[in-house]
Structures are given as structure tokens and as C-alpha cells.
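Everything on this sheet refers to the single structure shown next.
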Amino acid sequence: MKIKARIYILLCYLCSLFMFFPSFFCITTQAAVKETKEMTDVRVGLKQQYSNISSITIQTKQLGIGYCIQNQYVVDIELNSSSGFTFTPARGCYYILNKTYQGYEAAKKVADTLEGLGVNAFPTAIYRNYWKVYIEVGDKKNAATIEDKISGRFGFTYTFTQDNGHRIQVKADSFQFLIDAEKKQAYPQFKPLTKNKDGVAVLDLGNKQYRGRLEIGRYGNASLTAVNILYIESYLYGVVSSEIPSSWHKEAQKAQAVCARSFALTKTKYSADSNISSPYQLDDTTSSQVYGGYTAETSTARQAVDATAGEVILYQNKVIPAYFFSTSGGRTEDASNVWGGNVPYLKGVADSYEYSPEKEPWIVTHTKSSLSSKLSNYRLGVGTITNIYPAITTASGRVYQLRVIGSSGTSAVQAGAIREVLGLYSTKFKIIEYGDTPDLVNICSASGNRQVQIGESYLLSASGVAKAPTLSQYIVQGKNNLNNYPSEAPKDRSTYYFAGMGYGHGVGMSQSGALGMAKAGFRYQKILEYYYTGCKVGKVNS
């Protein structure tokens, strides 16, 4: 996503070819949330690498294991393993002793005794200081064989159970135990008991390290997902570092920190407690905001988070979900044109300082065949395509409705779905087809209006007059801010060029624009107050 920006050619005397029309959609954007006076822990689903997989290993050798109850976490036991701790789903059947034990050691002692009968017995974590002993059966066909081995021994009675979707087996170097979250609807959380060379306590998952605690659960599924529970300010270290480069201006980094904090606080349920029906509200992907854990942290990101500690974006003294994205292509978008709903603080604004876009102008090539296939995947198939064009365009230059006509009908692709269906970086694009003159623009001068090709024009600058350079695309600044003009059209009738600008949904703060404003001397408060209409930066109830 981090792409070196190409030099923009600004032909300030050229006007745009296109007219723009406001339009509205029907999905409601989340409103401001209830205020809170304290920062909080957040639960982050590690979807990038540690979700829906069959095995997860915590390589940290010393762990505390405990439960978080009413936002209070207590370590119940401490375990050491030179090989770390490997988690796998426990999907088989078990006999469960009809007796509970206070603590791991008591349950382990009984499990070791039962092992002498030739069965696999495990101490099993149920809840805080609440352990049981499970005997592995495998599948139902083995139940009678296992029952013969344990029946009448040591005076124990048992209950036979099948897989409940919430059991996990944990293997260390010299011992094993189980976790069963069904009864109390809670998984234990694992905390590092040692620090790394930088003096920070982290959990090592091999590819990445994380501050705070880890909860590894099935959450009713067949596979495993890891959830990182940590203080929100520590979480932001890994977000700001992942969302923008460490080399960016410090004011842009601070703006990102406040955005990320505001967004997170409107998505969390303000509880670090385990909840197997809703394991997390934030994840580490662009669906929420990118989070790389301790591994991704940079010193500049930590400084930005610390310098803005506790600060959020407020609209009428309530925290807003501060949406942001990479690059606008000259103007941000109204939320109503993407998700629907009249959100007063998410209005489109001119992105006048986006001089060095994180995502440079782009061209995506589609054939009629590839377009037909993509539309069919979303049940929008029209047969053989005969025409495709933007039916409605917004004031920011984004396509709100794309109309596709084919041999078997017509489809209309709406708003944000356009990016997903066609695999585009943004909805700010033009469609160029065979026979078009794509760099043809209107110019206004004292002698009247006329059309010219950019590639055949001359530029007037302080150093004199020069022929327009040969580029694949030209960026023109006109009355609608920036517009994109490819220099060539497709060579055959079956191909379309989607020539666009920007990257992302376009709502809220443009990261590239924030960088430009920071370089121009704007403080982070002013940057944020520009992108979020009618908002102020501050602390809740301050």
C-alpha cells in the first residue's frame, strides 16, 4: 500500500470535462457513541495471520494464565515450557469427572493417577480456580473401551460428552492440559512473565509479537482464533505504525493517532472480559484499522500516541467514529454517498494539500469477459456486455451508480459495492474504451473555449515553454479539483480501462492529505477539524 508518489503535472488552465451530481444511499453510518471518562482495554481479533487456523504456538516460555472478570485480570497459575505452548482444537469426545478441583495442581494430580489406568487424562481449565479432569475418548465408538478401563476405579463417576465447539488442548514441553469455555462462556487469557531486550513484556507468536494478553479460542468453530487484549494506548502504538510510514511528518502521525483512538473507542464494548459469542469488535485488518502489534511499532508512532494521550475527535461532545483512508484523489466523499445516512461530521471536502499521494493514479484493465465473470459472481450478470458507463457521479467525482448493459439484461452496481465487485482502488474513475480520445480536455481562454489533447499541449512555467511530457496519465486541476486523464485508449473493442485516482472509501481523513497539510504547517488539531466538519479535538468532558 505504501507507494512512492509520481510527480503530478498541474495544468491549472485546463477545466474538467465532467459534471458531478450529489446522490444518497440507504445504509446508516454509526453515530457518535456514549462518552466515557477513562481509556480502556480493547479486544483485537488477529485476523491477518492467527484466525481460523488449526494450530497456534505462543513461543514465550513463561506465561501467567488467568481470567478477566469485570475488567479485572488475575493470574491464577504460572507455567514454564522451554518449547512454548501449542494450542489445537480438542474436537473429540470425553468422559468428565463429576468433581471439581481448586487449581491446576489438584486437577493434575488426579489426572496423573488416572493415566496409570492406560487412558489420556487432562487437567481442564473451566474458570478462575475452577478445574476439572477430562478423559479422552476420541470418537463414540471408543467410549465403551475407555469406560471399561475407568469404571469403578477410585470411586469416581463420569459424564460422557461430545465436542461442544469450545474445547482446546494446550501442549507444553512436559505436560498438557485442556480448556473448556462452555460452562462459563469464557476463555483464559495468557500473559507474558518475562520481558524482551527492550524491557517490554511481549507474547511471541513467531511471526509477530504482541503487548498485553492473548486469548486463544474456538468461539464455537472448528478452528482457532487469537485475540489480543491490551490497553488502548499500547494498541495505538501498533496501529499508527502500521497505518502510515514512520518517516511522515509528526503532525500527520499525531492526527492518525487521534483518529485511530476515536475510531477504536466507538467500536469497543469497553470490556476486556472473554465473550465466546462476540470475541472481538476490532480486528487487525483494514476492516477496522491495520494493527501490527509490538513487531510493527516505531518510535515516531509511540511519540505521536503519547503526545496526544487520551485525545479524541468530538462532535457535540461525543466521540465520533473517525473513518480515514489512504488517498482521496483531490476531494473526500460524503458518508451518505458511501454508506447512507446524513452524518453531519462526515462531509466531503477539497483535499487541496494531497501533493504526494500514498497511492498514485492508477489504471485497472478489464475485458468484457472478465467484467461479465465478476458481475456473475455477485449475481449481477448481464450476459455479453454491450455497454458500461457511470450513471450517477457525486460531487467529488466518484461513481455512485455504474450501469452495465448486456445481451441478457441490465445491472446497476451501487456506491461502495463498485470497488468490491470490480476490484478497484476507489470509485473515482473514468471508463476509457476503444476509439476514445482520453486526454481530450476543454480549455477556456480570452479567445474562447476549445478542446485540446494534453499530450499535444505545451506548458508555460518560470523556466519557459515546454512540450507536455509523455506519461501514461495526466492529472489536471480544474473546477472540480483533480481529474485523471489517461494518454491512450484500449487497442481493441473488448477492453476497458478504468482510470482512477485515490485509494479507499474516501470518507473522513485522507492520510495523504493530512501529510500535505502537516508539511504546509498545520497542527494535527487543525488537520482533523478540517476533515471532520464541525468537530473539535479534545478529551471527553474536558
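Could you please state, rounded to a whole Å, how far the C-alpha centre of the range 484-500 is from the C-alpha centre of the range 183-227?
So the separation of the two Cα centres works out to 49 Å.
Taking the alpha-carbon centroid of each part, what is the distance from the range 361-433 to the range 114-165 in angstrom?
Taking the Cα centre of the range 114-165 as reference, the centre of the range 361-433 is 58 Å away.
Can you sort Asp436, Asp180 by solvent-accessible area, 1.4 Å probe, largest first? Don't jump to the answer; show the numbers that get you there.
On the way: Asp436 60, Asp180 5 Å².
Largest accessible area first, the list is Asp436, Asp180.
Go through (1) 41; (2) 34; (3) 48 and flag the label whose value is the computed percent of Cα pairs over 36 Å apart for this structure.
Looking at percent of Cα pairs over 36 Å apart for this model, the match is (3).
Calculate, in nm to one decimal, what Asn98 and Glu182 gain on full extension: separation in residues at 0.36 nm each, minus their alpha carbon distance. Write down the numbers at each step before the final one.
On the way: separation 84, 0.36 × 84 = 30.24 nm, distance 1.58 nm.
The span from Asn98 to Glu182 would gain 28.7 nm if fully extended.
Which whole-Hz couplings ³J(HN,Hα) result when phi for each residue of the range 94-102 is put into the Karplus expression 6.51 cos²θ - 1.76 cosθ + 1.60, θ = phi - 60°, listed in order with x for Gly and Pro?
So the J values, rounded to whole Hz, are 9, 9, 10, 4, 7, 7, 10, 10, 8.
Using only DSSP helix segments of four residues or longer, with each worth -39500 (n - 2.57), what per-residue ellipticity at 222 nm results for the chain after dividing by its residue count and rounding to 500?
-5000 deg cm²/dmol
Over the chain, with every protein chain in place, what whole percent of the accessible area is carbon and sulfur at 1.4 Å, could you tell me? Before the final figure, lay out the partial values.
Details: 11240 of 23500 Å².
Here carbon and sulfur together make up 48 percent of the probe-accessible area.
Compare the Cα positions of Gln401, Gly504, Gly293 along the charge dipole of the chain (+1 at Cβ of Lys, Arg; -1 at Cβ of Asp, Glu; about the Cα centre) and return the one farthest towards the positive end.
The Cα lying farthest towards the positive end belongs to Gln401.
Answer with one residue from Thr384, Gly435, Ile418: the one whose Cα lies farthest towards the positive end of the charge dipole of the range 378-437, charges on Cβ with Lys, Arg +1 and Asp, Glu -1.
Ile418
Suppose R0 equals 45 Å; then what is the FRET efficiency for Lys536 and Lys109 from their Cβ-Cβ distance, rounded to the nearest 0.05?
Working: r = 61 Å, r/R0 = 1.35.
That pair, Lys536 with Lys109, gives E of 0.15.
Accessible area per residue, 1.4 Å probe, Å², for the chain: what's the number? Spell out each step's value before the answer.
Working: 23500 Å² over 542 residues.
Result: 43 Å² per residue.
Which links in Lys254/Lys374; Lys250/Lys347; Lys195/Lys536; Lys149/Lys171; Lys197/Lys536 stretch past 28 Å when you go from one Cα to the other?
Details: Lys254/Lys374 40 Å; Lys250/Lys347 25 Å; Lys195/Lys536 39 Å; Lys149/Lys171 24 Å; Lys197/Lys536 40 Å.
Violating the 28 Å limit, Cα to Cα: Lys254/Lys374; Lys195/Lys536; Lys197/Lys536.
For the chain, which DSSP H helices look membrane-span-like by this rule: Cα extent along the axis of 24 Å or more and mean Kyte-Doolittle of at least -0.5?
Working: long enough: 250-267 (26 Å, -0.33).
Span-like helices, by this rule, are 250-267.
Suppose every K and R has +1 on its Cβ and every D and E has -1 on its Cβ; what is the size of the dipole of the chain about the Cα centre, in Debye to the nearest 20? List each step's numbers first, then the result.
Details: 57 positive and 42 negative charges, 82 e Å.
Using only the charged Cβ atoms, the result is roughly 400 debye.
With an 8 Å Cα cut-off and a minimum separation of 6 or more residues, compute the relative contact order for the chain in percent.
On the way: 1321 pairs, mean separation 108.4, N = 542.
Normalised by residue count, the contact order of the chain is 20 percent.
Which residue, Ala309, Leu346, Gln256, has the largest displacement toward the positive end of the dipole of the range 223-351 when charges sit on each Cβ (Lys, Arg +1; Asp, Glu -1)?
Towards the positive end, the residue furthest out is Leu346.
In nanometres, what is the gap between the two model label sites at Asp436 and Ile53, each 7 Å from Cα along Cα-to-Cβ?
In this crude spin-label approximation the distance works out to 4.2 nm.
Once the Cβ-Cβ distance between Thr194 and Ala395 is put in as r, and R0 is 60 Å, what FRET efficiency do you end up with, to the nearest 0.05? If you can, show how the numbers build up before the last one.
Numbers: r = 56 Å, r/R0 = 0.93.
Given R0 = 60 Å and the Cβ-Cβ separation, E is 0.60.
If you rank Phe175, Phe154, Phe190 by how much accessible surface each has, with a 1.4 Å probe, what is the order from largest down? Spell out each step's value before the answer.
Numbers: Phe175 30, Phe154 115, Phe190 0 Å².
Heavy-atom accessible area, descending, gives Phe154, Phe175, Phe190.
Across the range 484-491, in residue order, what do the Karplus-derived ³J(HN,Hα) couplings come to in whole Hz, using 6.51 cos²θ - 1.76 cosθ + 1.60 with θ = phi - 60° and x for Gly and Pro?
Those phi angles translate into 10, 10, x, 8, 9, 9, x, 8 Hz.
Which sequence of His249, His505 reflects their accessible areas, 1.4 Å probe, from the largest down? Could the numbers behind the result be given before it?
Numbers: His249 65, His505 40 Å².
Per-residue accessible area, sorted high to low, gives His249, His505.
The values are calculated or read from the model by the stated rules, or taken from the named source; none is laboratory data. Values in this document were obtained by computation on a predicted structure and should not be read as measured data. FYI the Cβ positions are ideal-geometry reconstructions off the backbone, even for glycines, and counts take in every protein chain you see. Calculation scope for accessible area: heavy atoms of the full protein, side chains included, ligands and nucleic acids excluded. Shrake-Rupley method; radii C 1.70, N 1.55, O 1.52, S 1.80 Å.
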